[in-house]
Amino acid sequence: MYLRLLFAAAIFGGSFLLFVIQPFVARLALPLLGGAPAVWNSAMVVFQILLLAGYLYAHLLARMPVKRQFSVHLALLLLSAFTLPIALAELPEPAPGWQILWVPALITATIGPVFFLLSAQSSLIQRWYGGIEAAGDPYRLYAISNIGSFAGLIAYPFLIEPRLNLATQGVLWAIGFALVGCLVGAIAVLRWRLPDAIEAPQVAVRAPRLAKRRIALWITLAAVPSGLTLSTTTLLTTDLMAMPLLWVIPLSLYLLSFSIAFTDSGHWHRILSIYAPILLLLVGGLAMISGGQSNPAIALAMVALLFVLSVALHARLYALRPAPRRLTFFYLMVAVGGASGGIFVALIAPVLFDWVYEHALLLLMAGALCAHRPLLPFLSRIRLQRWQSSALILVALTTVAVLAWFLGRAVAAGRIADIFWMAMAIMVVGLFLIGRRAAYTATLAMLMLGLGGFLTLQASFEGNRSRSYFGVYSVERTEGGRLRQLTHGTTMHGEQWLVEGREYEPTAYYGRSAGVGLALEAAGSDARVGVVGLGVGTLACYRKPGQEWTFYEIDPEIARYSREGVFTFVEDCAPNSRIVIGDARIRLGEEPDDTFDVLVVDAFSSDAIPLHLLTREAFAGYRRVLEPDGLLLVHISNRFIDLEPTISAIAGAMGWSARLRSDEPEGDAGLTASDWIVLAADEERLTRLSANSEEEWTELAEPNAPPITDDNASLLSLFRF
């Protein structure tokens, strides 16, 4: 028993450290690399490649005699310890255009050795355990690995990041790595004299070759849940809320699914496998409704569906596992599948699709891969000739196709009663087709198309939507066609009147009574204005002749809307302004001192907070590019996070004076309630601003925590739970 506990502790510790180091190194590199999603995608690709390399190393090492395996692995662990504590590698500045290779090189050079070895440990230690006579099934230890990963994933944002600075985190991680190394050493000592029950391939009787079809099935069964985890996250952050830490929920359930599926004890994986096709019809049919996941009930159902499907597919993967002698190769193929699913969703799908179509495609693949059993037992006892069975299926699919067409028309017209009964009819047919993979999957696809899929495809064909690595954007008309609006999921990024004479009126959060409107109206005719976050360019309507304007925008797709005249604020009001593409903190760092008289930071409303733009060091950068008498305007309207206390803390620590303007316009459909904070180095500057307007400015709330810094940052205490 104690030996099994030792193996379990080593696996748990290694997996825990593996899922702590990923967010840790990302936080470490954030001020240098910026918050661009392309950076995060590059980081994820590096992690996936290192994970694959670790599984390949474990597979190759397992071909050696077990004592040599211990010697090699312990020696490499010792050598990699000299790279600790973790610190960013010092690489030469990248040449223009080569950042796509430079970012992965930086991350690999920083954590490559330790991440590589920890990636290998779970399968390697399971292989050592499986070599003990009467030890039992080593695959059960994989559940321990995923529990450790889950614990690390939860511990970092909720326990480690809020309480410890980066330097302390690095030291503690190094201590944890040393402890895991000691556990591996103890395993080697205890295991050294025990004979290996699994013969090494060079002395074993040659095992039958694995069928390529079976290997392909392993990869696919691993790829679909991995891809669904990311696509569910994309769907939620696009249509429900772009809320930080929301990605933790799908990933946590994905990891837990392994713990439930990779075991012979208990019945949960069997029960969930039976009901997975049923839940897929009931919930997966809603997957192509644009904006549908903004309904919290549907969003929660999608998360539950991810968990059930992950358990069902991983249970089938576990049922197809090979003998322990092929354990490392099996995990290598699982890693190939996991990486393939992640790369498809994170890197390929945003280029191929203008909406989250990959989610629907992965659900259809899951429907085809689930272990199908007829819903009603008597159906399996009905004996039909092949032509009779084919004829019934053809009739069923024809019926579903006709219902789906009329369902799509009912959805477009908003006929709720017709939508309900036609959708239920399709689902009932689908339930009877469980057990017929192709027919069931076709029914699910037609249900998706009827329940909003036709409208979603229509928006794509009409060119009203675009997609980048930063999100899915839609241009829509509201207020009876009088307003053109840009949305990211359910987040409104700006709007412009289409009514003659009102085209250049400030709208949304930027009205004349809003904090930013008051400050820009008071700016001098020779003022130099910088704006972080272009949106639809609404603020350009405040430009006065003689002023110089510069916009900083991270997403080229957003800039395209202004450059191509979809929204004309910039083109007509500030045609000579600069639009600088890239991460604002990095680009502002390239500007000379005292560049601006007014700097507007509009990067925190509703979308996921770019944490590196909110730290004390970031505000020091804003102060550097401002004239000594300049104004800094920060937009803090946000449904999920209260930014006032942390900006109050930064202002107090840096000796800035600050005021808050909460604007709640009434009666105009084009205006939205907003909260703006204005900061200045001199209290007199704010006094002059408030004296020139009739609107009320108030003192900031007292800070409830120290200011956020690059070294110690967490938004957890700021959430509006």
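The values are calculated or read from the model by the stated rules, or taken from the named source; none is laboratory data. Every value quoted in this text rests on a predicted model; they were computed, and no experiment measured them. So basically every Cβ, Gly included, is an ideal-geometry build from the backbone, and we count neighbours across all protein chains shown.
Could you list, in sequence order, the residues of segment 560-614 that are surrounded by fewer than 16 Cβ atoms within 10 Å (Cβ to Cβ), of a type in the set (Asp, Glu) and assigned to a helix (DSSP H, G or I)? Residue satisfying the conditions is ASP572 alone. Here GLY530 fits the description: within 13 Å of LEU631 (Cβ to Cβ) and buried (at least 24 other Cβ atoms within 10 Å of the Cβ). Listed residues THR538, THR487; which is touching a Phe, Trp or Tyr at 6+ places or on another chain (Cβ under 8 Å), without any contact (Cβ under 8 Å) to a residue 60 or more places away in the chain and closer than 30 Å to LEU282 by Cβ? Going through THR538, THR487 in turn, the sole match is THR487.
Taking interchain pairs and intrachain pairs at least six residues apart, which have beta carbon atoms under 6 angstrom, with the first residue in segment 43-57 and in a helix (DSSP H, G or I) and the second surrounded by 21 or more Cβ atoms within 10 Å (Cβ to Cβ) and among the β-branched types (Val, Ile, Thr)? Listed by first residue and then by second, the contacts come to ALA43/ILE107; VAL46/ILE107.
Quick grid of which residues meet (1) under 34 Å from the mean Cα position of the chain (by Cα); (2) farther than 30 Å from PRO556 by Cα; (3) free of Cβ contacts under 8 Å to residues at least 24 places away in the same chain; (4) surrounded by 15 or more Cβ atoms within 10 Å (Cβ to Cβ):
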{"residue": "LEU369", "(1), (2), (3), (4)": "yes, yes, no, yes"}
{"residue": "PRO374", "(1), (2), (3), (4)": "no, yes, no, yes"}
{"residue": "VAL402", "(1), (2), (3), (4)": "no, yes, yes, no"}
{"residue": "MET422", "(1), (2), (3), (4)": "no, yes, no, yes"}
{"residue": "THR443", "(1), (2), (3), (4)": "yes, yes, no, yes"}
{"residue": "VAL475", "(1), (2), (3), (4)": "yes, no, no, yes"}
{"residue": "GLY481", "(1), (2), (3), (4)": "yes, no, yes, no"}
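If you go through segment 672-701 and keep only what is closer than 25 Å to ARG624 by Cβ, surrounded by fewer than 19 Cβ atoms within 10 Å (Cβ to Cβ) and under 36 Å from the mean Cα position of the chain (by Cα), you end up with just LEU700.
Could we say that LEU106 is at pLDDT 80 or above, surrounded by 17 or more Cβ atoms within 10 Å (Cβ to Cβ) and over 18 Å from LEU183 (Cα atoms) here? When the stated conditions are applied, LEU106 passes them. For segment 67-84, the criterion of being farther than 22 Å from ALA167 by Cα, in contact with a helix residue (DSSP H, G or I) (Cβ under 9 Å, 6 or more places away or on another chain), crowded, with 17+ Cβ neighbours inside 10 Å and of a type in the set (Lys, Arg) is satisfied by no residue at all. Considering the conditions (1) out of contact with any Lys or Arg (no Cβ under 7 Å at 6 or more places or on another chain); (2) in contact (Cβ under 8 Å) with a residue 40 or more places away in the chain; (3) under 30 Å from LEU631 (Cβ atoms), ARG512 is excluded by exactly one of them, (2).
Let's see how each residue does on (1) crowded, with 22+ Cβ neighbours inside 10 Å; (2) in contact (Cβ under 8 Å) with a residue 40 or more places away in the chain; (3) not aliphatic (A, V, I, L, M):
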residue: SER123; (1), (2), (3): yes, yes, yes
residue: ARG140; (1), (2), (3): no, yes, yes
residue: PHE158; (1), (2), (3): no, yes, yes
residue: CYS182; (1), (2), (3): no, no, yes
residue: LEU190; (1), (2), (3): no, yes, no
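If only residues of segment 651-690 that are part of a strand (DSSP E or B) and among the basic types (Lys, Arg) are counted, the one that is nearest to LEU539 (Cα to Cα) is ARG661. Taken together, SER637, SER648 contain a single residue that is part of a loop (DSSP other than H, G, I, E, B), in contact (Cβ under 8 Å) with a residue 24 or more places away in the chain and crowded, with 19+ Cβ neighbours inside 10 Å, which is SER637. Return yes or no: is ASN704 surrounded by fewer than 19 Cβ atoms within 10 Å (Cβ to Cβ) and either touching a Leu at 6+ places or on another chain (Cβ under 9 Å) or touching a residue at least 40 places away in the same chain (Cβ under 8 Å) (or both)? So ASN704 passes the test. Evaluation of ARG528 against the conditions (1) closer than 26 Å to ASP602 by Cα; (2) at pLDDT below 90 shows that the sole unmet condition is (2).
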